[in-house]
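The values are calculated or read from the model by the stated rules, or taken from the named source; none is laboratory data. Just so you know, these numbers come straight off a predicted model, no measurement behind them. Heads up, the Cβs are rebuilt from the backbone with ideal geometry, glycines too, and the neighbour counts pull from every protein chain shown.
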Amino acid sequence: MNIAVLVKMVPDTESRLEVRDGVLEESGFKYMINPYDEFAVEQAVQFREAGGGKVTLVALFSEATSIDTDLRKMLAIGCDEVLVLRQPGYRGDRPAANAAALAEALEALAPDIVLCGVQGIDYYQSATGPMVAHKLGMPHIASVTKLELVDGKLKAWRQVEGGLQVVETPLPALVTCQKDLTKVRFPALKDIMFSKRKPFENRPVPAAAGPDLPCTAASLPPARGGGEIIDGETPAAKVATLLGKLRTEAKVL
């Protein structure tokens, strides 16, 4: 079983957001693996452990090597190899351009299963995975919360409004993974040490032709105004004053 896992590097949640002259300042960002993609990695390793095969991690990023440590952690979890597509001027908000680069790399790998997170926590577009499936001409199941491999077919459970949907598809197929799909393991020390011997390939790819949708301006959310303390001799009087303000000032009642 040949399994590929697409992982996206996203700004660390502790990174400081700064906007200068309508442009998001990203030079100080630290990056980490998208949390949704970690569920995909764990599921892929479980499939490999149950039925054999190989798990290849595929990432698209800039020439910066600061992400290598986090990618090697995924090798310690159980992936067999890493392929990092190094793209000049890489950006995470270009799903169509990024999907094209990822799909081209996947064609050479010829995976039976492609797994990735349902979305990146940087732009929340939920678009790259389905676009990759379209370019590869394979079926795609989105937002999966449970996944089984039975008799050469994938059986997936996904939450829909008002219930749970169960879908089956032949291979090859692409699945985008929701949180709680599985529990991500913590690698043992011996696995961390052994991961340093596993293949780690950096492959240059051409820069994208342009943004999918250009960002004209960026800004931080407006600062919240101060609160108001409601005065009153009794709790009932305070409630009455609050209700009056909601009716006459806020006009929400």
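Of note:
- Matching entry among GLY78, GLY53 (being farther than 21 Å from LYS179 by Cβ and in contact with a helix residue (DSSP H, G or I) (Cβ under 8 Å, 6 or more places away or on another chain)): GLY53
- VAL175 being closer than 21 Å to ALA97 by Cα, at pLDDT 95 or above and either assigned to a strand (DSSP E or B) or touching a helix residue (DSSP H, G or I) at 6+ places or on another chain (Cβ under 7 Å) (or both): yes
- Qualifying position, being small (Gly, Ala, Ser) and within 30 Å of ALA208 (Cβ to Cβ), among ALA127, ALA156: ALA127
- Subset of region 178-210 [within 24 Å of VAL45 (Cβ to Cβ), outside any helix (DSSP H, G or I) and β-branched (Val, Ile, Thr)]: THR182, VAL184
- Within region 214-253, restricting attention to residues that are under 24 Å from the mean Cα position of the chain (by Cα) and surrounded by 11 or more Cβ atoms within 10 Å (Cβ to Cβ), the residue that is farthest from VAL23 (Cα to Cα) is CYS215.
- Screening the candidates GLU26, GLU49, GLU38, GLU18 for the property of being surrounded by fewer than 20 Cβ atoms within 10 Å (Cβ to Cβ) and under 20 Å from the mean Cα position of the chain (by Cα) yields one hit, GLU26.
- Residues in region 48-70 that are touching a strand residue (DSSP E or B) at 6+ places or on another chain (Cβ under 6 Å), hydrophobic (A, V, I, L, M, F, W, C) and modelled with pLDDT under 95: ILE67 alone.
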